[in-house]
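So the structure is just underneath, and the comments pick up after that.
The values are calculated or read from the model by the stated rules, or taken from the named source; none is laboratory data. Bear in mind the structure is a predicted one, so any value in this text is a computation, not a measurement. Cβ placement follows ideal geometry from the backbone for every residue including glycine, while neighbour counts extend to all protein chains displayed. In case anyone asks, the SASA skips ligands and DNA or RNA and just uses the protein heavy atoms, side chains included. Shrake-Rupley method; radii C 1.70, N 1.55, O 1.52, S 1.80 Å.
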Amino acid sequence: MNAEQLAARRRQNRAGWAMALPACLLIFAFLITPFFMAFGLSLTNQRLISPNPAEFVGLRNFERLLGVGLLTLDPLRDENGEVRLKGGEPEYPRIRSFTRGNPDYPRLNRMREWFRIDLPGDRQLVVLAKDLVFIKALKNTVLFVAVVAPVQSGLALILALLINRPLRGINVFRTIYFAPVVISMVVVAMLWRFIYDGQNGILNSLLGIFSFGAIEPISWLGNTSTALPAIMAMSVWQGVGFHMVIWLSGLQTIPQPLYEVARIEGATGWQTFRYVTWPGLRNTAILVMVIITMQAFTLYPQVQVMTRGGPLDSTQSLVFQAVVRGYEKQDIAGGSAISVLLFLFVLAISLFQRYLTRDRD
Amino acid sequence: MPAQRLAKLSLDYLLLAWIALVFVFPVVFMVMSSFKSDLQLLRDSASLRAFLPVGDLSFDNYAKAFQRAPIGLFILNSVFITAVTVCVSLLLASLAAFSFVFLQWVGRSVLMAAVLATFIVPFETIAVPLLLIVNNLPWIGLDGFKTSWLNSYQVQIVPFIADALTIFLFVQYFKDLPKELVEAARIDGATWFQVYRRVVMPLSGPVLATAAILKFLMMYNNQLLWPIMVVQEESYRPVMLGLQYFFQLNTAWGEIMAYLTIITVPVLAFYLVLQKAFIASIASTGIKG
Amino acid sequence: MGQVLLKSVRKSFGSAEVIPDLSLAIPDGSFTVLVGPSGCGKSTILRMIAGLEDVSSGTIKINDRDVTYREPSQRGIAMVFQSYALYPHMTVAENIGFGMILAKRPKAEINKRVGEAAAILRLEHLLDRKPKQLSGGQRQRVAIGRAITRDPQVFLFDEPLSNLDASLRGQMRVELAELHSKIGATMIYVTHDQVEAMTMADQIVVLNNGRIEQQGMPMELYIAPKTRFVAGFIGAPSMNFFEGSIASQHDCDALGVRPEHIGLRDDDGDLTGRIRHAEQLGSDTIIYVHHDDYGQITVRAEGNRVLDIGSTVHLTLPAEHLHRFRNGFRIQD
């Protein structure tokens, strides 16, 4: 390699690095570094402001978060060996007697009851969790994803099919359906707080009007059974237009002649969808599902604005808990551990996407 | 047109219109309520009057909202933070993508893969450690030296300038540009920076619009999680944090609706004017599938 | 002046070697056409001369100056691309003058030089238009105009006519030939179309798999192709090759005869076959004859011949037009 060649290479290296460096440095400093720090911090007891240096604690944070225990309870019996009844139901020993320093059950120490299942023979299986709030947040987040992903992508596809027709003025409808996407989730959540209100909420009024008073007013966000579904419905409302547009762009990649051939061969509307449209949407479908799932896992502003996790932790979410711990309680380590778990979920999903699209190219 | 087809067509439009109502009713309600007194607002919400401009309409809520919180300041903050981030982001992302696509240099493919891989890291998962970082970063500004970025503009701007999606959009666009244009410019004697500025960027209107819109939505609309963590001082708050002011003592719904209208309607108007570009920009994120 | 020398130039992309070891001298002021099938490396060679592609090893000299590692703009070359590569956001005048604008030349000089190039190419009335508003032929001329204003020692053309329709291509061939005689600079022209090669070149380089098959004047290649590959590549329709007994009779393993040299007779000949198909082109007729041993034989006869499909014909192979090949190489007479 002679000097001139070296100089030419160096010129291009220098130009290449100079142009790429600013963006790369920022990504390194504010994305990659905190990303790896999350892993590191989750193994310590770091706090935001603390007089003591952080210590390595191994997987203790994760054990605390994910620790669950099982307890089988026999009903209390009286002196004759009969099951003691209380209000017609068998009576069971109090959970506290197992979880508050009971030397026979060291693993269950400080755990709290999550839920219980009736077993045959009047016995009960109690599922306990070390960190009940986190476990509920995890459950809610998974539930949120499991409901919102299919419902939102399905509705988005239906909308896309409705819109993808040569009707006069169809663009007006497309514009309207997409509009909520450009509104901040913070604003949307605020607005729907009012819509869902138990006393003056507009949803109750509308339901009352259209059912001629048959449906009683409900405090949608004040009930443990309706709060999370209400948040789900609102999230679908806000996001469905986004995925409608992605479906639309997928629909438009399907070559028109395929539809013409199907028509010539006498396919019905459903057959055309089943054999022409849907196969052509395979990759779009995977993309839509992955985007929705990743978005749904990071459920936060809705909870922050509408319920702050309540009532009775029925709307806790992973990100909300990460913020509560990492910021409000200044427990950087605990918040990081939740972040790591969240990332592992997202990673699993994107690896799954890789797996689904592997046979392309 | 035969009667049957006409009937089917009207049914189609009826369905489309009903769905449209589902999407517009909260927004109509928001705007209408912002002109009503709290008393009337609550009374109207029991009927369809909630969606109509009826009764005593006034700008009182707006006036009161401005008295209750420094809304002007919040809007300025949000606009400033968003504008600076979008502009610098477009500049740095396009430069990096240009280098990745058109130049040959040692480490290029590794660096590009690393940068684009960060796409799957949601911001929510790094927010907590990032808080620890910015809490300990020094900054020299107009008001002197500080040992932390908390309560500042830069803490809301700098971490968000570079992101994988924006770089990815430029990379995709540049890959589709004819390579001969760059080669012709090189033969014409253009330096790499001149190729970027005088040949490639003038042809990048569509991707600039796409990236700007997406970044704008990401920035302006999502100023909640991070500002809650890093901004306590009023003077640096963005609009989304301003909502807190309306929940003191008793909730002033009319004023809230006025505030929501103020921060939303400009975006919606912007969207209506540029709706083709908005929708195209979302669609283009789907093309990578 | 604009002599181009390639010495032991190699090029590989990863593990794939595109140009194994190539040396080539292109004389000053020549119109040299690099021709070959797609993938033969002709475009890569041109791009290495331009400096758009690094060489893996070897040296490139232009006008006795080693330019192997020079920037494209410092080699004294100009290039016309197949896609024209006009800057879509600039006017015709800006496109032509972009190099001088970058070099910060005085406005008056730029205008003068752009005007000169436009005059040569009859583009004066189009200078304020954008490329989108031009026809294919006009765009092509703008691309050439941009090359002219660089005042290069060597013009490089990368399949410049393949995006034009047939009639325009013929016209542009004439214009390029005129331009060459007017300017006198060295021109290196890459094409896969042997007609363009034959009509424009004063020197043709036939390439195959990154190697030079033959280098010479067009008629040399036509009359005395050095290899079977060249014989088959140059000339249309392609040369007929006979193997087997008739080749052995002539002491070779492949006997080549051009379609235009085969005689067509009703009574008697060297070979007898059946007419499968005839294409009447007006000026001449292309006849496809099936022979039981040698398969399809192409014959080109002058004028408009009306023939019965399926009828038997006799073919003569004139001794003075036979090309004999052994192991792919010509046997010298």
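Laid out as a table, the results:
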quantity	calculated
Highest to lowest packing among B:90-102, A:96-108, scored as the average C-beta count within 10 Å	B:90-102, A:96-108
Those residues of the range B:124-139 for which accessible area with every protein chain present is at least 40 Å² below the isolated value (1.4 Å probe)	B:E124, B:T125, B:I126, B:V128, B:P129, B:L131, B:L132, B:I133
Local electrostatic count, B:F123, Cβ distance below 14 Å [Lys/Arg +1, Asp/Glu -1]	-1
Mean residue ellipticity (222 nm) of chain B, computed from DSSP H runs ≥ 4 via -39,500 (n - 2.57), nearest 500	-21500 deg cm²/dmol
Carbon and sulfur %, accessible surface of chain B computed with the full protein complex present, 1.4 Å	70 percent
14 Å Cα-Cα reach of B:K36 towards aspartates and glutamates, excluding residues that sit fewer than 8 places from it in its own chain	B:D44, B:D56, B:D60, B:E255
Most mobile listed residue (C:A108, C:A117, C:A78) in chain C, GNM with C-alpha springs under 10 Å	C:A108
Neighbouring partner chain Cβ atoms per residue of B:13-24, average, 10 Å criterion	5
Euclidean distance of C-alpha centroids, the range A:142-197 and the range C:279-333, integer Å	71 Å
Qualifying lysines (Cα of each under 27 Å from Cα of A:K329; at least 8 residues distant if same chain)	A:K130, A:K136, A:K139, B:K146
For the range C:215-256: accessible area per residue (Å², 1.4 Å)	44 Å²
Surface share of carbon and sulfur [accessible, 1.4 angstrom probe, percent] for the range C:237-330	41 percent
Loop chymotrypsin sites (Phe, Trp or Tyr not before Pro), the range C:219-256 (other Cβ atoms within 10 Å of the site Cβ: 14 or fewer; DSSP)	none
Accessible area per residue in Å² at 1.4 Å probe, computed on chain B	42 Å²
Exercise: per-residue mean of other protein chain Cβ atoms within 10 Å, B:27-36	2
Which listed pairs, of C:K11/C:K61; C:K7/C:K42; B:K175/C:K42, have C-alpha distances above 19 Å, in listed order	B:K175/C:K42
Interface residues in the range B:156-190 - accessible area drops by 50 Å² or more relative to the isolated chain, probe 1.4 Å	B:A162, B:E180, B:L181, B:E183, B:R186, B:I187, B:D188
Separation between Cα centres of the range C:103-153 and the range C:1-65, rounded to whole Å	28 Å
GNM top mover of C:V174, C:V67, C:V230 - chain C, alpha-carbon springs below 10 Å	C:V174
Interface residues in the range B:216-263 - accessible area drops by 30 Å² or more relative to the isolated chain, probe 1.4 Å	B:N221, B:L224, B:L225, B:I228, B:M229, B:M240, B:L243, B:F247, B:W253, B:L260
The range C:72-208, relative contact order [Cα under 8 Å, separation at least 6], %	32 percent
Cβ-defined net charge surrounding B:S58, 15 Å radius [Lys, Arg +1; Asp, Glu -1]	-3
Size of the C/B contact, given as accessible area buried on both chains, probe 1.4 Å, in Å²	1600 Å²
Under 5 Å, built H, 5+ apart or other chain: amide partners of C:L264	C:T316
Kyte-Doolittle mean at least -0.5, axial Cα span of 20 Å or more - DSSP H helices of chain B	B:3-33, B:71-102, B:205-221, B:253-273
Value of relative contact order over chain B, rounded to a whole percent, pairs C-alpha under 8 Å and six or more apart	28 percent
Among B:V239, B:V231, B:V24, residue whose mean-square fluctuation peaks in a GNM of chain B (springs only between Cα atoms under 10 Å)	B:V24
C:E94 - accessible surface, heavy atoms, 1.4 Å probe, Å² rounded to 10	80 Å²
Heavy-atom accessible surface that A and B bury in contact, both chains counted, 1.4 Å, Å² to 100	8100 Å²
Per-residue ³J(HN,Hα) for the range C:285-298, Karplus 6.51 cos²θ - 1.76 cosθ + 1.60, θ = phi - 60°, Hz, x for Gly and Pro	10, 9, 10, 9, 10, 9, 10, 4, 8, 9, x, 8, 10, 9
Solvent-accessible area, 1.4 Å probe, carbon plus sulfur percent, for the range C:100-215	47 percent
Inter-chain Cβ neighbour average for residues C:262-273, partner chain, 10 Å	0
Förster-model FRET efficiency, 56 Å R0, A:F115 and B:F145, C-beta, rounded to 0.05	0.55
Helix-derived mean residue ellipticity, 222 nm - over chain C, DSSP H n ≥ 4, -39500 (n - 2.57), to 500	-8000 deg cm²/dmol
Accessible area per residue, Å², the range A:316-361 with all protein chains present, probe 1.4 Å	44 Å²
